[in-house]
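Chemist: Before anything else, here's the structure in question.
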Amino acid sequence: MASAANTNMNAVRETMDVLLEISRLLNTGLDMESLSICVRLCEQGINPEALSSVIKELRRASDSLKVSENSTSQG
Amino acid sequence: SNSITELLGALCDRSLSGVSWKRLSLGGASREAFRRTLRKRAYGALLSKLFQDSSFKPNSTANALANTPAHNKMLMISFDLRVSGCTEAAERLEVLLAQLHEVALSSGLAELDSVLELLVQLAGSVPPPAVSF
């Protein structure tokens, strides 16, 4: 039983490693943690196109925050 | 944490990593307020896409592309990489795709096509890493 669970864990880890390498090759900007969250959201039935819009929107928002962070540190 | 709400919250928090709140608080920014704004924007993007899906009628080319399986879109990207001279990357991508279908079977991942579609949608959304000599 434990051995079957280990096999599954290894398969999940291997799948995530392959997905991360594909993600890096394609310059998606996802790190392992974000990718893992996205995989779980896809497993929950979230539409991948909608999820990509969410990620791009979050990047725009955090980029604007980083710009204001820089202007605060310079001011 | 596996509910959609929690996972979206985790994605929002993840996008805030590397932000110096100490410095921002000097400018009057509050972490909690920004987290709320971020969540609103995330849900806004998610919902606008859902409503667009129900009303948007794509033309035949866009429709054909939308109906193309994610795996085939990956192969189209691989073809584009070859055409642009990135043969090594194209070959690596094809090897990884073959490997993925082998390991994903035993991992129990049910929505592999959705994950691949997400990666296709995000392809090229950040600049390639700088090459160091």
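Quick note: the coordinates plus some simple rules give every number you see, no bench work behind them. This is a predicted model, so every value here is computed, not measured. Cβ coordinates were reconstructed from backbone atoms using ideal geometry, including for glycine residues, and neighbour counts include every protein chain displayed.
Chemist: Is there a simple number for the mean count of other chain Cβ atoms within 10 Å of the Cβ of residues in B:105-113, and what is it?
Modeler: Per-residue shielding by partner chains comes out at 6.
Chemist: Using a 10 Å cut-off around each Cβ of peptide A:33-39, what is the average number of partner chain Cβ atoms that fall inside?
Modeler: Mean shielding count: 6.
Chemist: Pulled fully out, how much extra length does the chain show between A:ASN8 and A:VAL67, if you take 0.36 nm times their separation in residues and subtract their Cα-Cα distance?
Modeler: Full extension of this stretch gives 16.9 nm more.
Chemist: Over chain A, with a Gaussian network built from C-alpha contacts below 10 Å, which listed residue (A:SER36, A:SER62, A:SER23) shows the highest mean-square fluctuation?
Modeler: Maximum among the listed residues: A:SER62.
Chemist: Per Stokes-Einstein, at 10 °C and 1.306 mPa s, what whole-number D in µm² s⁻¹ belongs to the protein assembly as shown, with the Kirkwood radius over Cα pairs as the hydrodynamic radius?
Modeler: After rounding, the answer is 84 µm²/s.
Chemist: Continuing with the same structure: In a Gaussian network model over chain A where Cα atoms closer than 10 Å are linked, find which of A:LEU58, A:LEU30, A:LEU19 has the largest mean-square fluctuation.
Modeler: Maximum fluctuation in the GNM of chain A, among the listed residues, is at A:LEU58.
Chemist: Measuring from label point to label point, each 7 Å out along Cα→Cβ, what is the B:GLU6 to B:SER30 span in nm?
Modeler: 2.7
Chemist: Let's test the formula: R0 of 45 Å, r as the Cβ-Cβ distance of B:LYS40 and B:SER84. What FRET efficiency results, to the nearest 0.05?
Modeler: So the FRET efficiency works out to roughly 0.70.
Chemist: Using a Cα distance threshold of under 24 Å, what count of lysine pairs results for the protein assembly as shown when pairs must be 8 or more residues apart or interchain?
Modeler: 12
Chemist: Based on other C-beta atoms within 10 Å, arrange B:HIS71, B:HIS101 from fewest to most.
Modeler: B:HIS101, B:HIS71
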